[in-house]
Amino acid sequence: MVKTEFENNTLTAFLSGEIDHNCASSIRNQIDGQAENLHPKTLKLDFSKVSFMDSSGIGLIMGRYRTMSLLGGNLKIVNIPQRLQKIVELSGVGALGVLK
């Protein structure tokens, strides 16, 4: 569900499959553990292989935004599939300035 890569002070989390209540906490724990150990300047969440996302996915984004803010870094959301774009837009995530 999540594969991470650390390069040039950027931690990229490649998300895949469905992000819902059942798996969000596991994804969150994996990403947060890496971020706390590596202290990246930027955390990128790559949604290119996400097939479904409910409000738990929005919570995942918001929580990682907060985590990175506390660590003095920033968050970027990349490669959001068209089918998920509406959910992200309606959530107000765009107002955070994280969409790339």
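Details
- Matching label, log10 I(q)/I(0) by the Debye sum over Cα atoms at q = 0.13, 0.23 Å⁻¹ computed from the structure shown, candidates (i) -0.57, -1.16; (ii) -0.38, -1.30; (iii) -0.52, -1.23: (ii)
- Furthest towards positive pole of dipole, LEU45, SER16, GLY97, structure part the chain, Cβ charges: GLY97
- Per atom type, the chain shows carbon and sulfur on 47% of its accessible surface, probed at 1.4 Å.
- Label point at SER55 placed 7 Å out along Cα→Cβ; residues across region 1-24 whose backbone nitrogen lies under 14 Å: 20-22
- Shape category assigned to region 15-59 from the gyration tensor of Cα positions, a/c cut at 1.5: prolate
- The angle between the Cα long axis of helix 82-91 and the main principal axis of the chain comes to about 80°, on a 0 to 90 degree scale.
- Local net charge near MET68, Cβ-Cβ under 12 Å (Lys/Arg +1, Asp/Glu -1): +3
- Only the Cβ atoms of Lys and Arg (+1) and of Asp and Glu (-1) were treated as charged; on that basis the dipole of the chain about its Cα centre amounts to roughly 220 debye.
- Extension gain for THR42-HIS21 works out to 5.0 nm (0.36 nm per residue, less the C-alpha to C-alpha distance).
The values are calculated or read from the model by the stated rules, or taken from the named source; none is laboratory data. The structure presented is a predicted model; accordingly, all values stated were derived computationally and were not measured. Glycine gets a Cβ as well: all are built from the backbone with ideal geometry, and neighbour counts include every protein chain shown. Ligands, DNA and RNA are stripped out before the accessible areas are found, and what is left, the full protein with its side chains, is counted by its heavy atoms. Shrake-Rupley method; radii C 1.70, N 1.55, O 1.52, S 1.80 Å.
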